[in-house]
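Student: Sending over a structure as structure tokens; questions will come in a sec.
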Amino acid sequence: MNLSFAYTHSQIIFYFKQSPRDFVVEEVPLYAFSGEGAHLILKLRKKSLTTFELLKILSAHLGIKENEIGYAGLKDKNALSIQHISLPKHLIKTPIESLNHPKIKILSTTYHHNKIKLGHLKGNKFFIRLKKIDKLNSQKIAEVCKKIAQFGIPNYFGYQRFGNENNNYQLGLEIVENKRKIRNKKLQNFFISAYQSYLFNSWLSLRIDISHLIANTDSNSLYKALKIYLSCDEIPNRFNDVIYCKKLKNQPHFFKLFYGDCLCHYPFGKNFILDETSDLIAESKRFIQKNIAVTGLLSGARAMIGKEEAGFFESKFLDSRIRNVGQRRYAWIFPENLSFNYKEQEAQGEIEFYLPRGAYATNLLREIAHCEIIETAKEAESYEIEI
């Protein structure tokens, strides 16, 4: 699917291939380990291995069942990854020091009271090397990075979630429509989540388009422009209110907030509705100050739904047939500690940054390049790259 870009610069040319040398990711744990307890915590570095392949190696060497081994997040195979693994001490049958594998290195050990579980992750630090960059494009990249550091990026689900043929979401839709049955419950839920992700991405892309439309349309003409763009005769009357449209246009963040948006305190906090008593300009300032962020819907049961104008756009991507529990996901994120270093002699650039959990590093590269960043991934690895 073609997703809209947040930034409007022209395409920037560089070469990127995901590999252990050019793509490094390091987990930032959700909490500090206590140094004592029933679980041995390994901080290890792996390369050219999926997380599941890592677990199989540890299981075979230590004599521990894979489901007894704890991990916080899945890491891509085509990367140099630093992550934490927990092992129940009483089940370890072979000294950990005897592990000698060319693709695994134990960096440190400690202990903790509980097993590391999926989601016990604050975020990830990234180092990415870009190649074949001339001096002019290096300057363009540096300028875009400054804007991204200030305004953030859309939190799209990455292409990796949709599989080699980009059809995982279609399988999920068929399951939701009762046209396809999959006995493997885990696989079934994965395909449904791909469909939820597709709906989320489609909604977010539309909201970005609408934001650009607001920025480039006179407030007196916005109502008519929206009707034409959406090919819809019935849109909320508030878009016919020039004062309201001016408030949308004057928001300092280019991603426009609407009444009825589900916002969340950033980077952690509770969801709340932006109601009519709120000051749209003031909330947009809080947004640009990284105190709050807009959220999008992962369609499903018991999820908070947008209202008013925001709900109007969200309703186009709501599927009430999805029985899985729904939730809200940050639609916008702010990379931290973002830096770009250009090495002219090598014609290479090095980007370093931090992202909260669940975010895709390729989204940042995509916005910089202003074109799609696509790597071929094996189908079995397609959900391993949300790091």
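Student: What FRET efficiency, computed as 1/(1 + (r/R0)^6) with R0 = 25 Å and r the Cβ-Cβ distance, is obtained for SER19 and GLU143, rounded to the nearest 0.05?
Tutor: E between SER19 and GLU143, to the nearest 0.05, is 0.40.
Student: Using a 1.4 Å probe on the protein heavy atoms, what percent of the accessible area of segment 287-337 belongs to carbon and sulfur?
Tutor: Looking at segment 287-337 in its full context, I get 46 percent from C and S.
Student: Please compute the length gained on full extension between THR8 and ARG321, using 0.36 nm multiplied by the number of residues separating them and subtracting their Cα-Cα distance.
Tutor: Gain in length upon complete extension: 109.0 nm.
Student: Quick one: length gained pulling ILE106 to LEU118 fully straight, 0.36 nm per residue minus the C-alpha distance?
Tutor: 2.3 nm
Student: Can I ask one more? Nothing charged except the Cβ atoms of Lys and Arg (+1) and of Asp and Glu (-1): what's the magnitude of the dipole of segment 28-69 about its Cα centre? Round to the nearest 20 debye.
Tutor: 240
Student: Among 266-279, 309-322, 104-117, how do they line up by average Cβ neighbours within 10 Å per residue, starting with the highest?
Tutor: 309-322, 104-117, 266-279
Student: Hey, another quick one. Once phi is turned into θ = phi - 60°, what whole-Hz ³J(HN,Hα) does the Karplus curve with 6.51, -1.76 and 1.60 give for every residue of segment 331-344, x standing for Gly and Pro?
Tutor: 8, 9, 10, 10, x, 10, 6, 6, 9, 10, 10, 9, 10, 5
Student: Please list the radius of gyration and Dmax for the chain, considering alpha-carbon atoms only, with Å as the unit.
Tutor: Taking only Cα atoms of the chain, I get Rg and Dmax of 22.5, 74 Å.
Student: Using the structure shown, select from LYS46/LYS122; LYS122/LYS316; LYS146/LYS224 the pairs with a Cα to Cα distance greater than 25 angstrom.
Tutor: Result: LYS122/LYS316; LYS146/LYS224 exceed 25 Å.
Student: Could you pull out the trypsin sites (Lys or Arg not before Pro) across segment 180-238 that fall in loop regions by DSSP (anything but H, G, I, E, B) with no more than 14 other Cβ atoms inside 10 Å?
Tutor: ARG180, LYS181, ARG183
Student: Averaged per residue, what accessible surface does the chain expose to a 1.4 Å probe, in Å²?
Tutor: Spelled out: the 1.4 Å probe surface of the chain, per residue, equals 47 Å².
Student: If you only keep lysine pairs separated by 8 or more in sequence, or across chains, how many in segment 241-293 come under 15 Å at the Cα atoms?
Tutor: So the count of such lysine pairs works out to 7.
The values are calculated or read from the model by the stated rules, or taken from the named source; none is laboratory data. Model, not experiment: these values are computed from the prediction. Neighbour counts run over all protein chains shown; Cβ positions are idealised from the backbone, glycine included. Note: areas computed on protein heavy atoms with side chains; ligands, DNA, RNA excluded. Shrake-Rupley method; radii C 1.70, N 1.55, O 1.52, S 1.80 Å.
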